[in-house]
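Notes follow once the structure below has been shown.
What follows draws every value from the coordinates through simple rules; no lab data is involved. None of these values were measured; they are calculated from a predicted model. Please note: Cβ atoms are built from the backbone with ideal geometry, for glycine as well, and neighbour counts cover all protein chains shown.
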Protein chains: 2
Amino acid sequence: MTQAMTQAGTQAGAPGGWVAVAGLGPGSAALITPEVTAALAAATDVVGYSPYVARVAPRAGLTLHPSDNRVEMDRARHALDMARAGGRVVVVSSGDPGVFAMAAALFEALEAEPADRRGTEIRVLPGITAMLAAAARAGAPLGHDFCAINLSDNLKPWSLIERRLRLAAQADFAMAFYNPRSRSRPDGFARTLAVLKDACGDARPVIFARNVSLPDETIRVVPLTQATPDMADMRTVVLVGSSRTRIIARDGAPIVYTPRSVLP
Amino acid sequence: MTQAMTQAGTQAGAPGGWVAVAGLGPGSAALITPEVTAALAAATDVVGYSPYVARVAPRAGLTLHPSDNRVEMDRARHALDMARAGGRVVVVSSGDPGVFAMAAALFEALEAEPADRRGTEIRVLPGITAMLAAAARAGAPLGHDFCAINLSDNLKPWSLIERRLRLAAQADFAMAFYNPRSRSRPDGFARTLAVLKDACGDARPVIFARNVSLPDETIRVVPLTQATPDMADMRTVVLVGSSRTRIIARDGAPIVYTPRSVLP
């Protein structure tokens, strides 16, 4: 397993074909990296969940392949197949593709292939992930050690989520929660808040950041004791401070930040 | 504390003056967001640690204020003072300014001011943080729940770092380590590896990512049992897989990824 490598993506695949798994950031075009913009300009095909594909401008020579949620493996196989046929394929994710998004799905699909079909050129192009965009709007709540947890229990048991919440509270991490609540999972976030209220003891600040960087962005800061499940939906990322997180009150919006030091 | 806000930065400060705490990403210009580029184009002053300020192109009307490491609070006060005098000041950080960087330092400085001096307009502009750039190069090692820990014990006791490492291992988080090793802290990373070898049991993949996105980037993947302290320095971010993290062997560099699902 000891190997040096310069870039995961420089392998030879089918002649000319490649897959780039690209992060579009939280929503604003001002948060898309030039690297991702260049990949989209070079692409023949764009694959992804419909709302993310809709963020890519149509142009001659580019085929858009929007698909439904929860078909990540089909989408990944489709992207790999098109690249093997010579396509230059961008798989788009919101935020960063490596954080609860399409990069892992693509590698799951690749690993399931026979070894002699794994040579496809694949690059992962990072993006501004939701928790960091949300943290920036609120101040610097993730300025000290923190963790990121996907609250969807579609792919892991609730018992594991609860265990991680309790250990994260013991570690006094600030926490970022992705996918807090959806129509098909209306109850998990209520359980999350109950565990946190039990495990964290005091009134941590909780940040509900919805549609970050878009025109209808809202950032809401409440103490944990006042946080309620209806404050989150699938467009919300939730941040919870550590025991050290502070609020600076001033005219207008408060600033939430976690100091760098825990020394007395 | 319950308040809705649209953006942390839209407060009125001194006439015309503002501070933007901006993330320059890991090194490549292709990973700097248009939002940060626009802030630098509008700035009168750029403040930061010398190697980061050196990444900003000089131009007429822009004063560069490089400073030494470990003077974060002086730098933050300087930025606030210039903004109050009408300056448009960009404080530059590598990576994302909210992750072990200047945003928290700026808010520490702001909080220490008298309440009537806290009105300065401040925006935090997110960037591509080192762990996500490194993860993208290696595959998708942070594709499931993970944590980020600053291994510097300048601002926290080693005992807290060790406690967090052990709890993170119990939670089976993938882990990202910033500031693993420096000349002034030669021994902490050896202790970190010893704790991980004790707490994680089996041979997790460890990724040493140095100078990510720069021409001399190196990505090295080794099993935890073969990881040694000299593999890291201050230009390295270290990622450690969870118990579920997988390696896809293929010609050239291996791919490291953590599957989305932990279901059987």
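Taking a quarter of the surface of the Cα convex hull of the stretch B:157-264 gives a mean projected area of 7.8 nm².
Computed from the alpha carbon positions, the gyration tensor of the protein assembly as shown leads to an equivalent ellipsoid with semi-axes of 33, 26, 25 Å, biggest first.
Once the Cα gyration tensor of chain B is found, what semi-axes does its equivalent ellipsoid get, as square roots of 5 times the eigenvalues, in whole Å, sorted largest first?
36, 20, 18
Remark: spin-label model distance B:Ser261-B:Met73 equals 5.2 nm, labels positioned 7 Å along the Cα→Cβ axis.
With a 10 Å cut-off around each Cβ of A:115-126, the average count of Cβ atoms from other chains is 4. Distances over 17 Å make up what percent of all Cα-Cα pairs in the stretch B:180-234? In whole percent, the share of Cα-Cα pairs in the stretch B:180-234 beyond 17 Å is 40.
Partners of B:Lys156 within straight-line reach, counting lysines whose Cα lies under 30 Å from its Cα and excluding those fewer than 8 residues away in the same chain: A:Lys197, B:Lys197. Comparing B:Ala30, B:Ala133, B:Ala203 in a Gaussian network model of chain B, where Cα atoms under 10 Å apart are tied by springs, the biggest mean-square fluctuation is seen for B:Ala30. What shape does the stretch A:79-167 take by its C-alpha gyration tensor, where a ≥ b ≥ c are the square roots of the eigenvalues and a/c under 1.5 counts as rounded, a/b above b/c as prolate, and the rest as oblate? Oblate, because a/c is 1.5 or more while a/b does not exceed b/c.
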